[in-house]
Amino acid sequence: MSRIAYVNGAYAPLNAPLISVMDRGLQLADSIYEVWAVRGGRLYDAEAHMARLWRSLDELRIAHPMSEASLWAVMRETMRRNRVRDGIVYVQVSRGAAPRDHVFPSAAVRPTLIVTAKNLDQRAIAARVERGVRVISAPETRWARRDIKSVNLLPNVLARQAAKEAGAFEAWFVDDDGFVTEGTSSSAWIVDAAGSLRTRALSTALLHGVTRAALIGLARERQLAVVEAPFTIADALAAREAFISSASNPAVGVVTIDGRPVGDGKVGPVTRTLNAVYLGA
């Protein structure tokens, strides 16, 4: 079955030419995106992802493309047309098509809305959960407003490619002070020597992870200590466990960093528990 996308009011094959060459998302990365995980036909953390989408639009002063109710309807119809039960829904909104200029268009333009949906390889996800993943470190080279989920992802692309070429799954960005900010598409965590969960506090330096927030809530419900504080690569290598989290990978153990083992080099019990509890929530 060919995949179907929603673009500005039309459902069409994924490769249909429906975007203007003058779209500011294409020309200037003047665009934001959001990703929902779908499991068993259910959108996980649905409202929190929608709230983050609206926040990103508002931070960039991009008009909302439609009402929230209408967007939910489009997302579910896109899921239905693509027969998505276990995968993701991707939503992207740009400021729209206008003559190329760094300043905002002088006349009102219609935002460009794209919605796609696809199933993911659940065996590959299960293998990551079971065996864990390798991570490398990379210097922080991104812009200063990482709290906005912008499509300006070239530094992430380069770091993730470096990870792949090193035989790793993810790269952790490290800032000028030596602290880990986050991964290219995930939040970064450790379970420190005291048994506390540690992940960097929210700021403009990192994306406000929806799955991150859900895991913190679940951990605190189970009386696990959570410390929102930065950590270094050395801290991570000395930790009991490390893991990443994202919409499609809720809690996946990190077994090596830069080729060196974390703990005993296996997925730890806290990581496994959080993953199981999140998926069962």
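The values are calculated or read from the model by the stated rules, or taken from the named source; none is laboratory data. A quick note: this is a predicted structure, and the numbers were derived from the prediction, not measured. Ideal geometry is used to build each Cβ from the backbone, glycine not excepted, and the neighbour counts take in all protein chains shown.
Side notes on the structure shown:
- Members of the range 208-223 that are out of contact with any Phe, Trp or Tyr (no Cβ under 9 Å at 6 or more places or on another chain) and either closer than 19 Å to ALA236 by Cβ or in a helix (DSSP H, G or I) (or both): GLY209, ALA213, ILE216, GLY217, ALA219, ARG220, GLU221
- Among the residues making up the range 186-219, those that are surrounded by 19 or more Cβ atoms within 10 Å (Cβ to Cβ) and of a type in the set (Ser, Thr, Tyr) are SER186, SER187, THR199, THR211.
- Note on the range 205-235: residues that are touching a Ser or Thr at 6+ places or on another chain (Cβ under 6 Å), under 18 Å from ASP176 (Cα atoms) and among the small types (Gly, Ala, Ser) amount to 1.
A quick yes/no check of all residues on (1) assigned to a strand (DSSP E or B); (2) under 24 Å from ILE32 (Cα atoms); (3) out of contact with any Cys (no Cβ under 8 Å at 6 or more places or on another chain); (4) modelled with pLDDT under 95:
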site: SER106; (1), (2), (3), (4): no, yes, yes, yes
site: VAL115; (1), (2), (3), (4): yes, yes, yes, no
site: GLU130; (1), (2), (3), (4): no, no, yes, no
site: ILE136; (1), (2), (3), (4): yes, no, yes, no
site: ARG146; (1), (2), (3), (4): no, yes, yes, no
site: ASN152; (1), (2), (3), (4): no, yes, yes, no
site: PRO155; (1), (2), (3), (4): no, yes, yes, no
site: GLN161; (1), (2), (3), (4): no, yes, yes, no
site: LYS164; (1), (2), (3), (4): no, no, yes, no
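- Taken over the range 104-137, residues that are of a type in the set (Gly, Ala, Ser) and farther than 23 Å from ALA168 by Cα amount to 4.
- Count of residues meeting criterion [among the hydrophobic types (A, V, I, L, M, F, W, C), touching a Phe, Trp or Tyr at 6+ places or on another chain (Cβ under 7 Å) and in a loop (DSSP other than H, G, I, E, B)] in the range 232-263: 2
- Assessment of the range 218-227 against the conditions (among the acidic types (Asp, Glu) and in contact (Cβ under 8 Å) with a residue 12 or more places away in the chain) yields no matching residue.
- Among the residues of the range 115-162, those that are small (Gly, Ala, Ser) and touching a residue at least 24 places away in the same chain (Cβ under 8 Å) comprise ALA117, GLY132, SER137, ALA138, ALA144, SER150, ALA159, ALA162.
- Reported count of residues in the range 159-194, each being touching a Leu at 6+ places or on another chain (Cβ under 8 Å) and over 19 Å from ALA247 (Cα atoms), is 1.
- Positions within the range 229-243 being of a type in the set (A, V, I, L, M) and touching a helix residue (DSSP H, G or I) at 6+ places or on another chain (Cβ under 8 Å), in sequence order: ALA242
- Residue in the range 91-103 that is in contact (Cβ under 8 Å) with a residue 40 or more places away in the chain and farther than 30 Å from PRO13 by Cα present: yes
- Evaluation of ALA242 against (1) free of Cβ contacts under 8 Å to residues at least 12 places away in the same chain; (2) within 20 Å of LYS164 (Cα to Cα) (one fails), failing number: (1)
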